[in-house]
Each structure stands twice: as C-alpha cells, then as structure tokens.
Amino acid sequence: MTHPRKHPQRGFSLLELAIALAVLAILAGGVLKGRELLNSARVQATITDIANLETALSAFQARYSALPGDFIAASAAGLSNSGGNGNGLIEGDETCYVFTHLQLSGFIQGDFTGGSDESGNCTASSTMGNQFSGQYLLSNQLQGPNSRENAMALLIGETIPVAQLAEIDRKLDDGNPLRGAVQVLRGEEDLCTTGAGQWDEAQGADCAALYIIR
C-alpha cells in the first residue's frame, strides 16, 4: 500500500516577511496621510465658512439695518413668518431663525426652516451644518473666557477635535484659546486647554469653540 508523499510545509522567508511589513507600513502611512489631508481640508473649509458668514452678516445689516433673527420686520420683508424683538441682539429663539433670514435674503445658500424643539434647542433644519458633522450658531449669548458681554459670536462647533481647533486658531488668530477672536467656549477651559494659553492637543478631547465677530 502506497501512501501519498507528505511535502514539508514551507514558511515565509525573511525576504517575504520584510516585503509584507514594508507594504503594511506604506498602507498605514497612506491612511495617516489621508487623515491629515482630510483634517486640513476641514480646517480650511471652516475658515472659508467663517469668512462667508461674516460677510453675509454685514451685508444683511447694510440692507435691513437689523440683525438676522432679531429683525422685527422679517415677515414684512418676506424673510419667514418669525421676526425678532429688534433690540440689536440675537438671543433666545432668534438664534434659530438667523440662517433662514440670511438664506431668504439671498446672502447664503441652503434650505433652512427656522424653529426650535421642545427643549428650546434649534432644530437641525434651522441651522447651518459645520465641517465636523455639527452645527454653526450665531448668537449674542455665547461667551468665551475673555469675550465681552453680549459679543456677537459664531459657535464653530461643539465636538471638534482640539487639534483642529488649535489649527483654526493659529490661522485666524493668535493660537491662544483664552483670548482673541477664536476662544474656547466658557466652561470648557479645563477640558480643552492647558490653562497656560494653549489648546491641550495632547489630551485630544472634542471641544466647543467660538469665533468672536465683534
């Protein structure tokens, strides 16, 4: 009775292992580079959004002598059925109509329906999406550690990686999250900063930040 010959199992050679490791390293490097490019693109797009919204706000004021959301004659002007109280501040429910007024006046693109939910928070359809799967909000009630009372502030987002916020700050301002045009949202200093005028990039938390328009 004959038995089939058993061939000895052949393992990987050192050369094959080296090639496999090199391919894995290249793939890993490509993933990291791709993520870096994506983050850079999000940062640049956020900076563009901020500039466009600042321009739209100024243009709206120049045309109507009022702030979007706070505009008391919004209904008469055909900018939705909801106007503000005209006190020169965007506050309360007025925040949820800012983008509707800007869109219907032709200063930004989109399809916004102003309104808030049962908790008083602006609905997703009433606000403009940011570059990090969150929302922009424009209000005079948002405060940074050293922003003046009733400053006009744009919420850049609430869950943005601190490294990207640091990059936005360096490109638009002085890189200090506790002062200037770009500030961490008041109350998140311990989570998002080192306490010495720097974003805590080592900790890598997701944070909220403001762009102070004026």
Tally of residues being surrounded by 20 or more Cβ atoms within 10 Å (Cβ to Cβ) and of a type outside the set (Gly, Ala, Ser) across the stretch 111-127: 3
Candidates 166, 209, filtered to the one that is touching a Pro at 6+ places or on another chain (Cβ under 8 Å), over 27 Å from residue 101 (Cα atoms) and open to solvent by less than 40 Å² (accessible area, probe 1.4 Å): 166
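Of the residues 125, 82, 116, 105, only one is more than 22 Å from residue 212 (Cα to Cα) and either of a type in the set (A, V, I, L, M) or touching an Asp or Glu at 6+ places or on another chain (Cβ under 6 Å) (or both); which?
Numbers: 125 fails: either of a type in the set (A, V, I, L, M) or touching an Asp or Glu at 6+ places or on another chain (Cβ under 6 Å) (or both); 82 fails: either of a type in the set (A, V, I, L, M) or touching an Asp or Glu at 6+ places or on another chain (Cβ under 6 Å) (or both); 105 fails: either of a type in the set (A, V, I, L, M) or touching an Asp or Glu at 6+ places or on another chain (Cβ under 6 Å) (or both).
It is 116.
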Criterion: part of a strand (DSSP E or B), over 23 Å from residue 66 (Cβ atoms) and in contact (Cβ under 8 Å) with a residue 12 or more places away in the chain - qualifying residue of 158, 167: 158
Hey, residue 59 outside any loop (DSSP other than H, G, I, E, B), modelled with pLDDT under 95 and out of contact with any Asp or Glu (no Cβ under 7 Å at 6 or more places or on another chain) or not: no
Test: residue in the stretch 67-77 that is among the aliphatic types (A, V, I, L, M), touching a His at 6+ places or on another chain (Cβ under 9 Å) and within 28 Å of residue 173 (Cβ to Cβ): yes
Given (1) assigned to a loop (DSSP other than H, G, I, E, B); (2) surrounded by fewer than 17 Cβ atoms within 10 Å (Cβ to Cβ), number of the condition residue 147 does not satisfy: (2)
Extreme residue, surrounded by the most Cβ atoms within 10 Å (Cβ to Cβ), among residues of the stretch 170-195 that are basic (Lys, Arg), in contact (Cβ under 8 Å) with a residue 12 or more places away in the chain and under 20 Å from residue 54 (Cα atoms): 179
Residue list for the stretch 80-110, filter: within 19 Å of the chain's Cα centre (by Cα) and assigned to a loop (DSSP other than H, G, I, E, B): 108, 109, 110
Cβ-Cβ under 6 Å pairs, at least 6 apart or on other chains, the stretch 105-123 side closer than 23 Å to residue 65 by Cα and among the hydroxyl-bearing types (Ser, Thr, Tyr), far side in a loop (DSSP other than H, G, I, E, B) and at pLDDT 95 or above: none
Output for the stretch 48-66, where each listed residue is surrounded by 15 or more Cβ atoms within 10 Å (Cβ to Cβ), over 23 Å from the mean Cα position of the chain (by Cα) and touching a residue at least 40 places away in the same chain (Cβ under 8 Å): 64
Residues of the stretch 96-110 that turn out to be within 17 Å of residue 152 (Cα to Cα) and open to solvent by 10 Å² or more (accessible area, probe 1.4 Å), as a count: 1
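The values are calculated or read from the model by the stated rules, or taken from the named source; none is laboratory data. Quantities reported herein were computed from a predicted structural model and do not represent experimental measurements. Please note: Cβ atoms are built from the backbone with ideal geometry, for glycine as well, and neighbour counts cover all protein chains shown. The accessibility values were calculated without ligands, DNA or RNA, using every heavy atom of the protein model including side chains. Shrake-Rupley method; radii C 1.70, N 1.55, O 1.52, S 1.80 Å.
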